[in-house]
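What follows is a short report on a single structure.
Computed from the coordinates by the stated procedures, all read-outs in this text should not be read as laboratory data. Quick caveat: nothing in here was measured; it's all calculated off a predicted structure. Note: ideal-geometry Cβ built from the backbone for every residue, glycine included; neighbour counts use all protein chains shown.
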Amino acid sequence: MQTASRIFVISGPSGSGKSTLLKRLFAEYPDTFGFSISHTTRKPRPGESNGKDYHFVAKERMEAEIAAGKFIESATFSGNMYGTSIKAVEDVVESGKVCMLDIDMQGVKLVKQTQLNPRYIFVRPPSLEVLEQRLRGRGTETEEAVKARLEASKREWEYGETPGAYDRVVVNDDLETAYNALKDAIFVA
Ligand code: ADP
Ligand code: 5GP
């Protein structure tokens, strides 16, 4: 099966199910897709490992590497820095795999100013109420972080619905249906 691009950007509100959907995709097609491992200054969640889910780094180091021109894009989200290094994408592309980026709306806007030319997929929950339930249900955030993420999600949602902002919108209500919609957005017959 062919994919519609060699690089995909998956974006959407925190808690919309991006990681869940991507993990399924990597499990089903381990030889086809690779994850662009971002850097972040936030603390690892239980179960996350350094160099797999993220490169967990100190703020000073990340700022220095950004200043040295090592990043394609970077942004501050909910009080922490996140960014895609040039190496993160290069490693996947050079392995011959299709590269998947999971980045926020600010990152999407910055990637649009580069030569990367990916396909953009927006993952959104069925409603803000469901998003809040899932975000709280995940149990990974403090109350303050939940509030910041819900606030950001309104802007993400608005941008996601802007005509032309994304190539495809995947509504993650039923997981199975959303996963099939994601695959439909990625593969061409
Ligand atoms: P994101 O990566 O976009 O922040 P996650 O993949 O971590 O979101 O999903 C947030 C929470 O919602 C997780 O606890 C996950 O298990 C749950 N979840 C994801 N998709 C669904 C779904 N379709 N139905 C119910 N729960 C879901
Ligand atoms: P989380 O802390 O839940 O893993 O991620 C929070 C937000 O940061 C999500 O919207 C996620 O897509 C985004 N994110 C993760 N990595 C990057 C990155 O490298 N760049 C940008 N701009 N956002 C990122």
Of the residues that sit in the stretch 1-59 and are β-branched (Val, Ile, Thr) and touching a residue at least 60 places away in the same chain (Cβ under 8 Å), which one is surrounded by the fewest Cβ atoms within 10 Å (Cβ to Cβ)? 32
Would you check which residues across the stretch 3-52 are away from ligand 1 (no atom under 15 Å from the Cβ), β-branched (Val, Ile, Thr) and either in a loop (DSSP other than H, G, I, E, B) or in contact with a Cys (Cβ under 6 Å, 6 or more places away or on another chain) (or both) and list them? 7, 32, 41
Selection from the stretch 20-52 of residues farther than 16 Å from residue 99 by Cβ, of a type in the set (Ser, Thr, Tyr) and within 8 Å of ligand 2 (Cβ to nearest atom) yields 40
Which of the helices (runs of 4 or more DSSP H) contained wholly in the stretch 89-189 include at least 1 residues that are among the β-branched types (Val, Ile, Thr) and in contact (Cβ under 8 Å) with a residue 60 or more places away in the chain? 105-111, 175-186
Matching entry among 138, 124, 134 (being in contact with an Asp or Glu (Cβ under 9 Å, 6 or more places away or on another chain) and either closer than 28 Å to residue 86 by Cα or among the charged types (D, E, K, R) (or both)): 124
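Can you pull out the residues in the stretch 113-154 that are under 25 Å from residue 66 (Cα atoms) and either within 12 Å of ligand 2 (Cβ to nearest atom) or touching a Phe, Trp or Tyr at 6+ places or on another chain (Cβ under 7 Å) (or both)? If you could, list the steps in order and put the result at the bottom.
Of all residues in the stretch 113-154, those under 25 Å from residue 66 (Cα atoms) come to 113-120, 145, 148-149, 152.
Passing the criteria: 118, 119, 120, 145, 148, 149, 152.
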